[in-house]
Amino acid sequence: MSAPTAQIFHVPPELAGQTITSALRHWLAGQSWSDVRGLLRARHIQINGNLCLDEGRRLKEAEVVKILPHSAAAPPSEDDVRIRYIDQHLVVVEKPAGMTTLRHPEERDWPRSRKQLQPTLDEILPRIVEKRERHGPSRGSAPGKKGSQGRKQSAPKGPTKRLRPVHRLDRETSGLMVFARTVDAERALGLQFRAHSLDRVYIAVAQGQVDEQTFESNLVDDRGDGRRGSTHNPKLGKHAVTHVKPMERIGKYTVVECRLETGRTHQIRIHLSEAGHPLCGDKVYRGKFPGPPMADDSGAPRVALHAAELGFDHPITGEHLRHVMPLPRELVELIDRLRETGKHRRARRASGAGEEPPAVDEGGAEPRPVKKPKKNNGPLGG
């Protein structure tokens with residue numbers, strides 16, 4: 001008996017602007033309003049690969065709606081966010097995958113009940129900080145731990161102030177982020193980000209055999225199909241540099257360390273994808289452009305990208321702070337599963353039962369590798 005499969009719909013022009021509930025009623029003949037709302041509440045609906053719980057979500061033309069045969073995992077909550085470091089000037093947090101950093105402008109006027117369906121990090125972090133300072137460290141923090149330089153962290157006094165994000169991580173990317181608690185701290189941290197003087201290291205799982213190299217290109221908002229990408233015109237776009245080093249080769253995949261020299265939107269995903277090495281689980285950047293999207297049989301539950309290391313100078317004291325966050329469970333499990341698959345393939349080859357599939361083609365990539373990466377300055381947690 002075959003397993004149930006997902007139903008997939010592409011939003012036609014006549015349904016653009018309609019709510020997801022209206023579209024579901026159109027596609028699912030005979031289903032009541034209560035039925036389609038039940039699908040949303042039970043986490044059966046994805047839009048463009050992201051879980052949708054909001055029955056008022058309006059669709060855009062060509063978006064992909066998937067009705068899952070089984071409930072998807074629940075979105076991350078306040079308990080999944082952990083404070084790594086805090087003082088009166090800044091907060092360093094561990095962001096879980098599946099949580100958006102900031103509320104989109106068109107969503108800011110939503111009622112609180114609607115926002116709570118899928119909270120954003122900038123909305124829940126002030127509550128976490130307030131609870132910590134009123135009642136002491138809880139599950140979402142690291143009580144009694146020392147800071148990255150070996151001194152014990154002290155919690156600030158007084159009411160919680162507005163937190164100011166000075167950078168972002170994509171919704172599906174996990175890892176370390178820093179928020180400023182004062183205007184002065186925000187300004188000083190912003191200068192460091194604009195000067196690209198921070199240490200930012202990501203761990204990713206990419207398709208194919210990735211060699212040690214540096215990717216350099218100019219990134220534009222629209223490469224020709226409405227998505228970000230590199231341009232051949234040196235007068236356009238923003239300069240982007242990514243240093244890549246393989247950490248482990250696993251059959252058709254490579255676990256890579258990516259050190260950012262610049263910090264452009266989707267930089268790592270674009271550079272590796274354009275080189276013929278899209279990240280496992282990435283549904284947007286799937287290979288060289290123009291060209292057909294590369295298949296992904298890795299089984300990754302989300303984009304396999306993790307902000308593992310963050311180093312910067314304290315905006316007020318000048319002390320250099322460095323934090324390292326191990327890979328989250330879902331990426332550890334992905335790598336372990338790929339290792340097991342690789343072992344089985346090697347065993348089959350050794351027994352003559354079959355050949356291992358060829359690795360992904362690496363030739364003709366844009367952007368081009370131009371120089372060796374910078375020296376690795378420290379180990380990564382794992």
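The values are calculated or read from the model by the stated rules, or taken from the named source; none is laboratory data. Since the model is a prediction, treat every value here as computed from it, not as a measurement. Every residue, glycine among them, receives a Cβ derived from its backbone with ideal geometry; neighbour counts consider all protein chains shown.
The table below lists the values:
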read-out	value
Pick from the range 103-121, criterion modelled with pLDDT under 90 and assigned to a helix (DSSP H, G or I), ranking: surrounded by the most Cβ atoms within 10 Å (Cβ to Cβ)	K115
The range 158-201, subset under 30 Å from C280 (Cα atoms) and among the basic types (K, R), residue nearest to the chain's Cα centre (by Cα)	R171
Tally, over the range 50-65, of residues that are in a strand (DSSP E or B) and crowded, with 18+ Cβ neighbours inside 10 Å	2
Matching entry among G352, G381, G363 (being on the phi > 0 side of the Ramachandran plot and modelled with pLDDT under 95)	G352
Flag for V129 being buried (at least 17 other Cβ atoms within 10 Å of the Cβ), assigned to a strand (DSSP E or B) and at pLDDT 90 or above	no
Candidate set from the range 303-318 (those that are part of a loop (DSSP other than H, G, I, E, B) and either in contact with a Ser or Thr (Cβ under 8 Å, 6 or more places away or on another chain) or hydrophobic (A, V, I, L, M, F, W, C) (or both)); member that is nearest to V205 (Cα to Cα)	A304
The range 253-281: number of residues that are over 16 Å from L219 (Cα atoms) and modelled with pLDDT under 95	1
Breaking point among (1) surrounded by fewer than 15 Cβ atoms within 10 Å (Cβ to Cβ); (2) closer than 27 Å to L310 by Cβ; (3) acidic (D, E); (4) at pLDDT 90 or above, for E94	(1)
Selected residue [over 23 Å from K283 (Cα atoms), among the charged types (D, E, K, R) and in contact (Cβ under 8 Å) with a residue 12 or more places away in the chain] from E61, E55	E55
Criterion: at pLDDT 85 or above, of a type in the set (A, V, I, L, M, F, W, C), in contact with a Leu (Cβ under 6 Å, 6 or more places away or on another chain) and crowded, with 18+ Cβ neighbours inside 10 Å - qualifying residue of V81, V36	V36
Number of the condition not met by I47 [criteria: (1) at pLDDT 90 or above; (2) crowded, with 17+ Cβ neighbours inside 10 Å]	(1)
Unique residue being assigned by TED's automatic domain parsing to the domain that holds V129 and not aromatic (F, W, Y) when the list is R37, R82, R57	R82
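A quick yes/no check of all residues on (1) outside any loop (DSSP other than H, G, I, E, B); (2) surrounded by fewer than 24 Cβ atoms within 10 Å (Cβ to Cβ):
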{"site": "L272", "(1), (2)": "yes, no"}
{"site": "H277", "(1), (2)": "no, no"}
{"site": "V284", "(1), (2)": "no, yes"}
{"site": "K288", "(1), (2)": "no, yes"}
{"site": "G291", "(1), (2)": "no, yes"}
{"site": "A295", "(1), (2)": "no, yes"}
{"site": "P301", "(1), (2)": "no, yes"}
